[in-house]
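Read-outs: derived from the displayed coordinates by stated rules, not from any lab. For clarity, every value in this text was computed on a predicted model and none was experimentally measured. Using ideal geometry, Cβ is built from the backbone for each residue, glycine included, and neighbour counts are taken over all protein chains shown.
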């Protein structure tokens with residue numbers, strides 16, 4: 001049971017499917033157009049005090065070769081809360097015809113707290129349960145590389161380089177150094193459909209490694225349906241629509257494999273809103289794939 005509880009401390013979960021900036025700072029400015037995203041994720045829907053995350057991020061193309069990203073995240077799970085702010089910068093070079101390489105760096109600030117005041121207890125007004133039991137303020141860096149063309153991409157990243165441990169429980173790392181490697185390819189099916197496929201390998205240092213398999217079918221680049229398989233953990237389905245030239249609405253839910261839970265199967269829901277800014281004509285000439293969403 002402890003292993004499942006620890007896994008909830010890694011807030012990216014499936015969110016990278018709706019915001020690639022969470023996965024790799026090298027994605028900053030490489031979506032073809034500047035965007036703003038709002039994501040809300042609610043894990044174990046229907047369970048009291050289940051994990052939930054809200055993220056607001058901006059992915060900005062400031063120059064033909066330079067991109068910036070800013071993200072603010074709030075993550076809560078029972079008595080635990082984490083707030084994070086990240087600043088990403090990337091620089092892109094052209095390697096060949098429609099082939100680009102991007103390198104990204106990340107600076108971030110974390111605030112993690114454990115508050116016991118709202119927990120149910122048998123002894124009321126117990127001073128041990130009042131206020132904040134523990135609070136940590138941390139800074140960190142991350143880095144990543146991205147290689148992409150108009151139909152394919154490959155990336156590697158270390159979103160954070162430090163391991164964080166509870167000061168009162170040093171044997172428990174609530175945030176571990178993570179390594180990502182991923183690749184994707186888009187298949188054109190006649191003129192109306194596109195099949196976007198990708199695979200992601202992740203490794204949480206000294207704890208867990210896993211593989212995600214994702215596929216999304218798009219109709220006229222406006223209506224999107226996807227499936228997501230996290231080997232040995234969970235499966236998910238998504239739907240999204242570009243409701244206009246600028247606005248996109250997306251929804252994703254996933255459930256763990258039934259044998260992991262004895263008391264029902266909790267559903268996790270994820271909602272996304274994206275707004276695209278119109279770019280100058282020169283910027284639009286740079287082609288980039290639709291990475292995940």
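Counted by neighbouring Cβ atoms within 10 Å, the residues 197, 178 run from fewest to most as 197, 178. Taking other C-beta atoms within 10 Å as the exposure proxy, 228, 185 rank 185, 228 from fewest upward. When the square roots of the Cα gyration tensor eigenvalues are ordered a ≥ b ≥ c, the ratio a/c for the stretch 199-242 is 1.5 or more and a/b exceeds b/c, which makes its shape prolate. Taking the stretch 87-106 and a reference point 7 angstrom along Cα→Cβ of residue 147, the backbone N atoms nearer than 19 Å belong to 91-105. Among 95, 114, 252, a tally of other beta-carbon atoms within 10 Å of each Cβ gives an order, fewest to most, of 95, 114, 252.
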